[in-house]
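The values are calculated or read from the model by the stated rules, or taken from the named source; none is laboratory data. A quick note: this is a predicted structure, and the numbers were derived from the prediction, not measured. So basically every Cβ, Gly included, is an ideal-geometry build from the backbone, and we count neighbours across all protein chains shown.
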Amino acid sequence: MFHEEKCTGCGVCLTWCPYIEIEEDEARDEFQKVIAGEPTRVVSQCVSCMGCDEICPEKANPFSLLIQRQEEQNEAARFEKARNNMELAYTVPTEIQTGSDGGPVIDLCTVYFMTHWLFDGALFEGATFLKGGDFFCGIGFYHIGLSSPVEKSAAAVVGHVAKTGVKELICYHDDCYTLFKVKAAQFGITVPFEVVSWPEFLYRRLKQLQGRIRPLEKAVAYQRPCASRYTPEKDFYIDEIFNLIGADKPARAYEKRQSLCCGGSLVPRDYEMSNRIKHQNLADASAAGAEVMVTLCPMCFANLRKRAPEHNLTVMPISDLCRVALGEIELG
């Protein structure tokens, strides 16, 4: 939620934004219009990267207000296809693929079909997988200017997971981790199980399998997803994974707080900007000396992999990079 009492009206949330061109004075004026609910170009130009919540020096959560204003002015009407697809996600048949006693329980939400080949090998031995609409977190609605569906369904999603009896849930999708770790508490919902992010899970498993690791000795860039704006502490585990598998993470302009989105949320808004951002992101990684870019989010993987060869890069999910280091699959 937006904390108006914390907001100083500095305008940093807008002047920082990589997607809206605005000067400092105008930024302060326009954000005051956002607060007052007055017409402003900022609302329709927001691409929902969620970055301003992390950037705000006062932690006033400006994105929470922007998404509220987008819903009030029916920005979602521009994204009918995306909205229909997300609403259909709640109807995806629910399946619990049971593993061995004591194995990890992994929430695949409804995005597992995008990277269905990922979940083989030693990293996932004995795992139980939760799949389908009962476990759809809905955070993607933020990308089309809607926040109410997320809050409306959150208690039910938490309840469906709790009914499985899980004590510790691994979240494959960073959006799901955001729901359970951050948003549920904001909605006044108690989460009765521990939640573990995908990077922390991979790090734990790699530590257990450390004797099998073959150092990669490759320069690898990391694509940080939008939802990580809510849980930046996961960056620690990304760095630890790179250390364990012998991957060098070259310094680049667009990483951590300065990360660019993958461009996916921009596609229905402004295809030309989306294409520019994708190439800008990949070019930055290549210029830094990276040979590979890894993604945490399946949407980032889908949006960047086709353009990667133009920049002499291979894009792959981070778990596959871990499997390369374990000698289970080949790079590329």
>> Looking at region 15-28, can you tell me whether even one residue there is in contact with a Leu (Cβ under 7 Å, 6 or more places away or on another chain), under 21 Å from residue 154 (Cα atoms) and buried (at least 19 other Cβ atoms within 10 Å of the Cβ)?
In response: no
>> If residue 294 satisfies all but one of (1) over 30 Å from residue 74 (Cβ atoms); (2) in contact (Cβ under 8 Å) with a residue 60 or more places away in the chain; (3) part of a helix (DSSP H, G or I); (4) of a type outside the set (S, T, N, Q), what's the number of the condition it fails?
In response: (3)
> When region 231-267 is examined, which residues are found to be among the basic types (Lys, Arg) and not in a loop (DSSP other than H, G, I, E, B)?
Replying inline: 234, 256, 257
> Are any residues in region 181-211 of a type in the set (Phe, Trp, Tyr), under 21 Å from residue 165 (Cα atoms) and not in a helix (DSSP H, G or I), and if so, which ones?
Replying inline: 193
> If you scan region 157-180, which residues turn out to be surrounded by fewer than 16 Cβ atoms within 10 Å (Cβ to Cβ) and either in the same structural domain as residue 227 (by TED's automatic domain parsing) or in a strand (DSSP E or B) (or both)?
Replying inline: 168
>> Condition (residue is within 17 Å of residue 177 (Cα to Cα), surrounded by 22 or more Cβ atoms within 10 Å (Cβ to Cβ) and in contact with a Lys or Arg (Cβ under 6 Å, 6 or more places away or on another chain)) applied to region 196-206: is it met by at least one residue?
In response: yes
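Could you identify the single residue in 251, 302, 285 that is under 20 Å from residue 219 (Cα atoms), surrounded by fewer than 24 Cβ atoms within 10 Å (Cβ to Cβ) and either in contact with an Asp or Glu (Cβ under 7 Å, 6 or more places away or on another chain) or of a type in the set (Gly, Ala, Ser) (or both)? First the steps, then the outcome.
Values: 302 fails: under 20 Å from residue 219 (Cα atoms); 285 fails: surrounded by fewer than 24 Cβ atoms within 10 Å (Cβ to Cβ).
After ruling out the rest, the residue left standing is 251.
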> Is it true that residue 141 is touching a Pro at 6+ places or on another chain (Cβ under 9 Å) and closer than 19 Å to residue 53 by Cβ?
Replying inline: yes
